[in-house]
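This report refers to the structure that appears directly beneath it.
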Amino acid sequence: MQRIQSLAMALPSKFMDKVMNIGKSITKLGKDDPRRVTHSIKVGLALTLVSLLYYSRTLFDGFGVAGMWAVLTVVVVFEFTVGGTLCKSLNRGIATFLAGALGLGAERLASLFGPKGEPIVIGLFVFLLATASTFSRFFPKIKARYDYGVLIFILTFSLVAVSGVRVEEIIPLAHQRLSTIIVGGSICIVISLCIFPVWAGEDLHNLISNNIEKIGNYLEGFGGEYFQSREDVSNNNNDKLFLQGYKSVLNSKSTEDSMANLARWEPRHGKFGFRHPWNQYLKIGTLSRQCAYHLEALNACMNTNIQVPEEFMNKIKEPCTKISEESAKALKSLSSSIKTMTDPSPANVHFENSKNEVNNLKIAMKCWSLEHADLLAIVPAATVASTLIEIVKCVDNLRESVSELANLAHFKAVEPSVSPEKPQLLHRGAVNPVLDVDNEDHVVITINENPTDSPEIKMKAQDPNPNSIR
């Protein structure tokens, strides 16, 4: 009895804790991306507007019960991004129109075969079109872009063709359904475009840039973390969040593919024009994941406790650290170039520096192998060195891909911070050999402190006063 009483007394506090946890989750979800709150409001607004087809007597008389198709259309096609909404709305509208037209044609053709032959012909049409349409969904391009439209095509054609056998006024019914679907889709498109639009292309652009930056953050701190004492690594590795940020890059392929597919449906917006090279973003994303896989190998080497000769570690410490630092600078420069849509050429300097350090690292490793016979002892550190060399190759591939994107998307050139003026010489003169009377060679250097074409002459109208040193 006492146990039941204690449970009953604890029940309100547990309920309140549960409510508080749910409230915190909702707040966190909204703070992580405020666009989710805006999207929810836009969907509610679209459904409210579509409901006028039922609330307004005039609209209800025009559309009838078919107005429910507009409500269903809003629920189904209103996506988070503009590209997603356009993709589903256009797929649904075009598929409904084509399927409705073919369904009516099939029904009229089947009616020529009489009451007994009509069901057989309708069944044959449904079988052929449903089979062909379903098979087309296995093609990768159709699956990625038009899968929803093919699905609606199969559904609408079957409904129109089959219902035509029993419903006499099939044309007005098809017209009402098509009209309500167009109304629902149009409302979704207008609200999605005009009220705080969320662009899939912009999200893809930022995602690719952030992924490259995460890889750069890891490499920036890798050298210092790896070559410090093992105790410091074990104590501080868990506190270094930048050492784990690259892992999200490994699982970004599906998100990138989905965003690129939706971005193709979006109109010109912001910095992105028509026929923007979205496929090039996918290529850069693939190269970023290849680089992230190398970081996974580095992370495994950093967490190992295998001892490596201190002398070898000292030999490779400086080139390895500089390779990681210069590669990180190159990656961050490429990330900034994509984010600001500017020329990526500033990254070339850091890449060349990393290439030079790769040569130094190879020389250090070769000298060690010639001086020492025990090569097994240096395998863990040699693995790190070889992985860094492969990362430099990945950075080179990324640099070329970003440069190609810059050419295709017409990135703007970087404005130099200092005007490219020619350096002014402080002294100008002439060097002339002179033969002395004693047959000894001398050189006369004539120095003009204020040459006639110098800025000083333009400001001061004075004659030059040359001095000769013999």
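The values are calculated or read from the model by the stated rules, or taken from the named source; none is laboratory data. The structure presented is a predicted model; accordingly, all values stated were derived computationally and were not measured. Positions of Cβ are generated from backbone atoms using ideal geometry, with glycine treated the same way; all protein chains shown enter the neighbour counts. Heads up: the accessible areas ignore ligands, DNA and RNA and are worked out on the full protein's heavy atoms, side chains in. Shrake-Rupley method; radii C 1.70, N 1.55, O 1.52, S 1.80 Å.
Here the 3J(HN,Hα) profile of the stretch 19-33, calculated from phi with Karplus coefficients 6.51, -1.76 and 1.60 at θ = phi - 60°, is 5, 5, 5, 5, x, 5, 5, 5, 5, 5, 4, x, 6, 4, 8 Hz, Gly and Pro shown as x.
To the nearest 10, the accessible area of residue 42 is 10 Å² with a 1.4 Å probe. Cross-link partners of residue 24 among lysines, defined as those whose alpha carbon lies under 29 angstrom from its own and excluding same-chain residues fewer than eight positions apart: 14, 42, 214, 240, 247. Each residue of the stretch 180-197 was assigned a 3J(HN,Hα) from its phi angle through the Karplus expression (A = 6.51, B = -1.76, C = 1.60, θ = phi - 60°), giving 5, 5, 5, 5, x, x, 5, 4, 4, 5, 5, 5, 5, 7, 9, 10, 6, x Hz with x at Gly and Pro. The phi torsions of the stretch 117-122, fed into the Karplus equation with coefficients 6.51, -1.76 and 1.60 and a -60° offset, translate into couplings of x, 4, x, 5, 5, 4 Hz, rounded to whole numbers, with Gly and Pro shown as x.
Taking all protein chains as they are arranged and a probe of 1.4 Å, the heavy atoms of residue 367 leave approximately 60 Å² accessible to solvent.
Taking the Cα atoms of the stretch 76-184, the ratio Rg/Rh between the radius of gyration and the Kirkwood radius comes to 1.03. Annotation: amide H of residue 198 within the under-5 Å range of 82, sequence separation 5 or more or interchain, hydrogens built in the peptide plane. Here residue 355 is the anchor, and the lysines within straight C-alpha reach of less than 18 Å, apart from those fewer than 8 places off in the same chain, are 315, 317, 322, 329, 332, 366, 393. By the scheme Lys and Arg +1, Asp and Glu -1, what is the net charge of all other residues having a beta-carbon under 13 Å from that of residue 317? Value of the local net charge: -4.
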